[in-house]
Amino acid sequence: KVTEHRTARDWAECMRELVDVHFPTAERITVVQDNLNTHTPASLYLAFPPAEAKRIWDKLEFHYTPKHGSWLNMAEIELSVLNGQCLDRRIPDRATLVAEIFAWNQDRNAAGTTIDWRFTTADARIKLKHLYPAIEP
């Protein structure tokens, strides 16, 4: 979703759109997101009357990405691909930006693109030895 800014109200509007437009019949919507300071229930209450904010909040279940976790890495990889394949030139206006991102997203989803992780558990046990307990035979 392309917005003019990255404010609490922008995020709240995105959440309302998610609930009312994209998944109106869902009992619960799981949202995986980063820990940006605007991604909180307070943003909903800032943007909407209390009853509306609570209605939206009650439909959502949030999972925040760890600061150095693989979910965040995947999001950053996708944003890097978007930047290299779609945003690597000057885009004249917002309407063109929205159209370009929509087309890129459709193609990416249709292709079923995945990420090929090369950092294995064995690698992690060596590189992050202090985080992994020793396994005794």
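The values are calculated or read from the model by the stated rules, or taken from the named source; none is laboratory data. Only a predicted model underlies this, so the values are computations on that prediction, with no experimental measurement involved. Positions of Cβ are generated from backbone atoms using ideal geometry, with glycine treated the same way; all protein chains shown enter the neighbour counts. Just so you know, the surface numbers come from the protein's heavy atoms only, side chains and all, with ligands and any DNA or RNA stripped out. Shrake-Rupley method; radii C 1.70, N 1.55, O 1.52, S 1.80 Å.
Structural remarks
- Test: residue in the range 64-71 that is touching a strand residue (DSSP E or B) at 6+ places or on another chain (Cβ under 6 Å), closer than 20 Å to THR7 by Cβ, open to solvent by 50 Å² or more (accessible area, probe 1.4 Å) and not in a helix (DSSP H, G or I): no
- When the residues of the range 12-35 are filtered to those that are open to solvent by 80 Å² or more (accessible area, probe 1.4 Å) and touching a strand residue (DSSP E or B) at 6+ places or on another chain (Cβ under 6 Å), the one that is nearest to PRO50 (Cα to Cα) is ARG28.
- First in the range 36-51 and under 11 Å from TRP11 (Cβ atoms), second anywhere and among the acidic types (Asp, Glu) and at pLDDT 90 or above, Cβ under 7 Å, 6 or more apart: ALA47/GLU13
- Test for SER80: is it open to solvent by less than 70 Å² (accessible area, probe 1.4 Å), of a type in the set (Gly, Ala, Ser) and not in a loop (DSSP other than H, G, I, E, B): no
- If you check ILE115, ILE101, ILE91 for being touching a residue at least 40 places away in the same chain (Cβ under 8 Å) and either in a loop (DSSP other than H, G, I, E, B) or open to solvent by 80 Å² or more (accessible area, probe 1.4 Å) (or both), only one passes: ILE115.
- Residue under evaluation THR40, criteria (1) surrounded by 14 or more Cβ atoms within 10 Å (Cβ to Cβ); (2) in contact with a His (Cβ under 9 Å, 6 or more places away or on another chain), criterion not met: (2)
- Test: residue in the range 33-42 that is of a type outside the set (D, E, K, R) and at pLDDT 90 or above: yes
- Selection count, the range 1-26, where residues are in a loop (DSSP other than H, G, I, E, B), more than 14 Å from the chain's Cα centre (by Cα) and closer than 22 Å to GLN106 by Cβ: 4
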